[in-house]
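Please read the structure below before turning to the comments.
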Amino acid sequence: MGVDFSAIFQHSFNLSSIEHFKDELIKGEKFPRVVQCISEVNQHNPHLVRPWSLSRERIIESHNYGPFDPEHFSDDEYIEVGGSGGFNFTFNKNICEFSPCFRWYSFIESKELQSEIRTICKEISNYFGYNFAIYMGDNYCASDYVFEGRDMEYYKADLIRRFGKSKNSINKLIQRSSDGWRSEGYFIDYFSDL
């Protein structure tokens, strides 16, 4: 099993804002690079062609078995927006994990893929109203923070506790040795060079 790319974004969306985000992904006008990338992925992977969908779930530890509030997004739930090209967004009330269909090591090694994904993440970050994204391999369980209902401040503090400060470049995320290579840590992208 390989390691996939993962990006975490801060957001302040409510349920209707997330539904609107899904609608904007379908329209594509605010996300031209997302649309272009998905088109290329689907061309080579027709099994990934699917409509955008939104599902609302409760975390496994929830003791709330009642119906969902039609207007409010509670602390014990998460929302998944998934669609074509293997793109998936998982929201709690504070943060969103973006999981496209790309491998972590491919992202680190390929300047072309880095540029593409970073530009996509900048589009998403701008739409969410924040100027950064945090990248790491999904083997470090960014989704756990989403499912636990954590916010960005908690997430950043825990990353510092676990790995120290953010790497100063994406290339620093990989360590090569005679045994091969491995990745450790994370990178906060402020998109200053895009």
Original post:
Does the stretch 185-193 include one or more residues that are among the acidic types (Asp, Glu) and open to solvent by less than 70 Å² (accessible area, probe 1.4 Å)?
Top reply: yes
Original post:
Identify, please: which residue in the stretch 70-103 is among the aromatic types (Phe, Trp, Tyr), under 11 Å from the mean Cα position of the chain (by Cα) and not in a loop (DSSP other than H, G, I, E, B) and is, among those, nearest to Ala133 (Cα to Cα)?
Top reply: Phe98
Original post:
Is one or more of the residues making up the stretch 50-62 exposed (fewer than 13 other Cβ atoms within 10 Å of the Cβ), acidic (Asp, Glu) and either assigned to a loop (DSSP other than H, G, I, E, B) or without any contact (Cβ under 8 Å) to a residue 60 or more places away in the chain (or both)?
Top reply: yes
Original post:
Consider Arg33 against the criteria (1) open to solvent by less than 60 Å² (accessible area, probe 1.4 Å); (2) of a type in the set (Lys, Arg); (3) outside any strand (DSSP E or B): it satisfies all of them except one. Which criterion is unmet?
Top reply: (1)
Original post:
If you take the residues in the stretch 127-141 that are in a helix (DSSP H, G or I) and either of a type in the set (Phe, Trp, Tyr) or on the phi > 0 side of the Ramachandran plot (or both), which one is least open to solvent (accessible area, probe 1.4 Å)?
Top reply: Phe128
**OP:** Starting from the stretch 95-109, take each residue that is within 21 Å of Arg150 (Cα to Cα) and list its partners that are surrounded by fewer than 21 Cβ atoms within 10 Å (Cβ to Cβ) and charged (D, E, K, R), counting only C-beta distances under 9 angstrom and pairs at least six apart or across chains.
**Re:** Ile95/Arg150; Ile95/Asp151; Glu97/Asp138; Ser99/Asp4; Ser99/Asp138
Subject >> Residue that is closer than 28 Å to Asn131 by Cβ, open to solvent by less than 50 Å² (accessible area, probe 1.4 Å) and either small (Gly, Ala, Ser) or assigned to a loop (DSSP other than H, G, I, E, B) (or both), where the choices are Ser12, Ser106, Ser17 >> reply: Ser17
Subject >> Yes/no for Gly28 being under 21 Å from Glu116 (Cα atoms) and modelled with pLDDT of 90 or more >> reply: yes
**OP:** Identify, from the list Glu112, Glu116, the residue that is touching a residue at least 40 places away in the same chain (Cβ under 8 Å) and not in a loop (DSSP other than H, G, I, E, B).
**Re:** Glu116
Original post:
Which residues, counting only those in the stretch 152-163, are among the charged types (D, E, K, R) and either closer than 20 Å to Phe102 by Cβ or exposed (fewer than 14 other Cβ atoms within 10 Å of the Cβ) (or both)?
Top reply: Glu153, Asp158, Arg161, Arg162
**OP:** Check Lys122, Lys167 and return the single one that is open to solvent by 10 Å² or more (accessible area, probe 1.4 Å) and either in a helix (DSSP H, G or I) or β-branched (Val, Ile, Thr) (or both).
**Re:** Lys122
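The values are calculated or read from the model by the stated rules, or taken from the named source; none is laboratory data. A quick note: this is a predicted structure, and the numbers were derived from the prediction, not measured. Positions of Cβ are generated from backbone atoms using ideal geometry, with glycine treated the same way; all protein chains shown enter the neighbour counts. Heavy atoms of the whole protein, side chains included, go into the accessibility calculation; ligands, DNA and RNA do not. Shrake-Rupley method; radii C 1.70, N 1.55, O 1.52, S 1.80 Å.
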